[in-house]
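The values are calculated or read from the model by the stated rules, or taken from the named source; none is laboratory data. Everything numeric here is computed off the predicted structure, so don't read it as measured data. Backbone-built Cβ (ideal geometry, glycine too); neighbour counts: all protein chains shown. Remember, those area values only see protein heavy atoms, side chains included, never the ligands or the DNA or RNA. Shrake-Rupley method; radii C 1.70, N 1.55, O 1.52, S 1.80 Å.
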Amino acid sequence: MSAHDPIRALQPRFAAALAKAFGDEYKSTDPLLQWSDRADLQANCALGLAKKLSSKPRDVAEKLIAALDASDIVEKLEIAGPGFINVTVKASWLGETLSSRLADARVGVAPAAKPETVVIDYSSPNVAKEMHVGHLRSTVIGDCLARLLEWQGHKVHRQNHVGDWGTPFGMLIEHLLDLGETAAIEELGVGELNNFYKAARQKFDASEAFQQRARQRVVALQAGDKETLRLWKILVDESAAYFATVYAKLDVTLKPEHIAGESFYNPLLQAVVDDLALKGISTINDGATCVFADGFKNKEGDPLPLIVRKGDGGFGYPATDLAAIRYRSETLGATRILYVVGAPQAQHFAMVFAVAKMAGWVKDGTRPQHVAFGSVLGADRQMYRTRTGESVRLVDLVDASYDKALSLVKEKSTHIPEAEQESIAKAVGNAAIKYSDLSNDRVKDYVFDLDRMVQAIGNTGPYQLYAHARTRSILRKAKDELGLDAPTAGSAVVITHAAEKRLALQLSQFEAAVDAVASSLEPHKLCTYLYDLSTRFSEFYDQCPVLKSEGAERASRLALVSATADTLKAGLSLLGIQAPDRM
C-alpha cells in the first residue's frame, strides 16, 4: 500500500486517534473516510460511534480531532452538521507525494502485498465456428482482468476454454474429407468458419448416409483412432490460428498456448465421476450420475441435480467444468478462479462451485468466482445482429471500428504521416470498442453504437486517448520549443491553484481505483476514474497556463502534466488500450 492516497495515508492515523480517544477496542473502527465536495475528505464515523459511546456525535468528533496526529498531511479539520469531520489535505503533502512518483513505471502503485495464483477462463469460442459479437464481452473483460491482476504482481493463468470436442466433430471431420484437406485448410485459414460449419450442418440434416458417417466418426474420435485424431487436429489448429488473428486485431493477450479446451479435460472426466462416487457425494437418478447440492431447487421446488454423467453414459458440460475447476485448483494451485461467462450461466456455475467444494477439490481460501456480464444490444435494444438476423462476426466489428476511426483520423490529423495515421486509427478503433464495453457496469446490457463510440467527446475511449495525447504534446513542446526535459523523480511540485489541487487529488486515487477493480472485478470503476482524471486535467489546462508560465511554477505544472500523462497511459494499458503519443 502506497502513501500517495490521502485516505490510505490517514487510515492508520485515525486508528491511532480512535484508540487514544476511546480505548484500544475502538482502534479497528472504520473512520469512514471518503471524498467530499464540501472539503477534500470527510470522516463519518462519529455518528455511529456516538451510539456505542452514549455521547453526542459532535462531542465524539471533537475528541477524535483532538487525538488525531496528522498535521503533516492535514491542513484543516472542521466539524460539520451533526458530526461529520471535514478534512482539508495539505497542498504541500500532495506536491511531495506526486514528486516522489514522477517517472515511476508503476505510477506510485505498489505491487500486491500477498500475490495470488489466479486462473482466468475467458473468450472460449468454438472450433470451426466463427467468433461473433457474443464473444466480445468475455474476451475484453477477461483480458482487462488478466492484465490488471498480472500488473499487480499476481501469477495469472489465462485459460481459453474452447469448444473442441463432442458430437459435432463427426460431421465436421466428414465434411473436411468431402472437401479435401487442402481445400478445407484454405477455407478455414481465411476465416470462413461459419460457411464451413453451415455446410457440414446442411449435409447432416439432409443426408442419412452423411449422418451415419458422422456418427461413426464420433465413435472413432472418442476411441482415439489415430487418423481421426489427425483430422480433428487440423480443425483445431486452423481454428486456433484464426482466433489468434482476431485476438491480434483486438490487441488481446490470449495466445494459442493458452487454449485448454474441452478435449484437454476429456481424459479427466471418469476420475471426476469415480471420486464423487468414492466420497459418497453422487447418486444415480434415472441412470444418470447426479449430485444434489444444498440450496438448489427447480421451479417446482424440488431438489435440482447437477448431472455429471447422463443416462446414456455421455458426459455433459458439468463434468467438464468440474474437471476444469479441480485441475485449476489442485494442479495449477489457483487461489482465485475467475469464469468470465455470461449472466445466464449463474446457476450452473454456482452449482459447479458448490459440488467442487463438497468434493474437497476447492480448498478453504480458494475463491471461484463467476464474472457475469450482460448482452451487447443493437439500437432496437435487441441482441446485436446483422440485418439478415445473424450474429455479427467479431472480426467485422473490429474492422468496421478501424475503418470509421481511420476516416476520422485522416480528416483531423492531416499533419501526421499516413503510416502513423493507420497506427493511430487502430488504437482509436480498439479504444472505441473496448472502452465502450468496459465503461459499462458489466452485469448490465449496453447498446453498441459505433458512431458514438469513436467520437472524442464524452466518456469514450477516444476522448481518453486525446486527453493523453494532449499531455504528451505539452511535454513535446516544452522540450522542442523551450529546451525543457521531462520532469524526473524529485522534481518539485508546488500546488497553489485550486485546479492544480483537484488534479493532484485525482492523481492520488489511481492505486485505489486499480485495487477496486481487482477486488470487485468491475472494470468500469477504472474507466470512471480515468474519465474523471481526463476531466480534471482539462479543467487544469484551461485554468493554469503551463508553457506560458515561468520558472518554478512552469516546472511544477509540467510535473503535473507528466504525472497525468503517465497515469492515463498506465490506466488505459490495464484496460487493454494503447495510447499513442500524438493524434
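What to note about this one:
- Selected residue (criterion: modelled with the lowest pLDDT) from residues of region 306-318 that are closer than 19 Å to residue 346 by Cα and open to solvent by less than 40 Å² (accessible area, probe 1.4 Å): 316
- Test: residue in region 487-509 that is in a helix (DSSP H, G or I), hydroxyl-bearing (Ser, Thr, Tyr) and at pLDDT 95 or above: no
- For residue 355, the stated conditions do not hold, so it cannot be described as in contact with a strand residue (DSSP E or B) (Cβ under 8 Å, 6 or more places away or on another chain), surrounded by 16 or more Cβ atoms within 10 Å (Cβ to Cβ) and not in a helix (DSSP H, G or I).
- Scope region 100-154; condition under 30 Å from residue 377 (Cβ atoms) and of a type in the set (S, T, N, Q); matching residues: 123, 124, 126, 138, 139
- Every test in (1) open to solvent by less than 10 Å² (accessible area, probe 1.4 Å); (2) of a type in the set (Ser, Thr, Tyr); (3) over 27 Å from residue 520 (Cβ atoms) is passed by residue 339 save one, and that test is (3).
- For region 107-121, the set of residues classified as part of a loop (DSSP other than H, G, I, E, B), touching a residue at least 40 places away in the same chain (Cβ under 8 Å) and not aliphatic (A, V, I, L, M) consists of 108, 111, 115, 116, listed by residue number.
- Take the conditions (1) more than 18 Å from residue 266 (Cβ to Cβ); (2) modelled with pLDDT under 95; (3) more than 32 Å from the chain's Cα centre (by Cα); residue 224 misses just one of them, which is (1).
- Count - residues of region 127-158 that are in contact (Cβ under 8 Å) with a residue 12 or more places away in the chain, in a helix (DSSP H, G or I) and not small (Gly, Ala, Ser): 15
- Only a single criterion out of (1) acidic (Asp, Glu); (2) closer than 24 Å to residue 568 by Cβ; (3) over 18 Å from the mean Cα position of the chain (by Cα) is not satisfied by residue 150, namely (3).
- Within region 35-93, being open to solvent by 30 Å² or more (accessible area, probe 1.4 Å) and among the acidic types (Asp, Glu) holds for 37, 59, 62, 69, 72, 75, 78.
- Top-ranked residue of region 125-152 - restricted to ones that are in contact with a Gly (Cβ under 8 Å, 6 or more places away or on another chain) and polar (S, T, N, Q), ranked as nearest to residue 245 (Cα to Cα): 126
- Residue check, residue 124 modelled with pLDDT of 95 or more, open to solvent by 30 Å² or more (accessible area, probe 1.4 Å), among the small types (Gly, Ala, Ser) and outside any helix (DSSP H, G or I): yes
- Single match in 536, 557 (criterion: surrounded by fewer than 23 Cβ atoms within 10 Å (Cβ to Cβ) and basic (Lys, Arg)): 536
- When residues in region 540-553 are screened for being part of a helix (DSSP H, G or I) and surrounded by 14 or more Cβ atoms within 10 Å (Cβ to Cβ), 3 of them pass.
- Number of the condition not met by residue 137 [criteria: (1) open to solvent by 40 Å² or more (accessible area, probe 1.4 Å); (2) basic (Lys, Arg); (3) under 23 Å from residue 320 (Cβ atoms)]: (1)
- When region 459-506 is filtered for residues that are acidic (Asp, Glu) and under 31 Å from the mean Cα position of the chain (by Cα), only 500 remains.
- So residue 528, is it at pLDDT 95 or above, β-branched (Val, Ile, Thr) and open to solvent by 20 Å² or more (accessible area, probe 1.4 Å): yes
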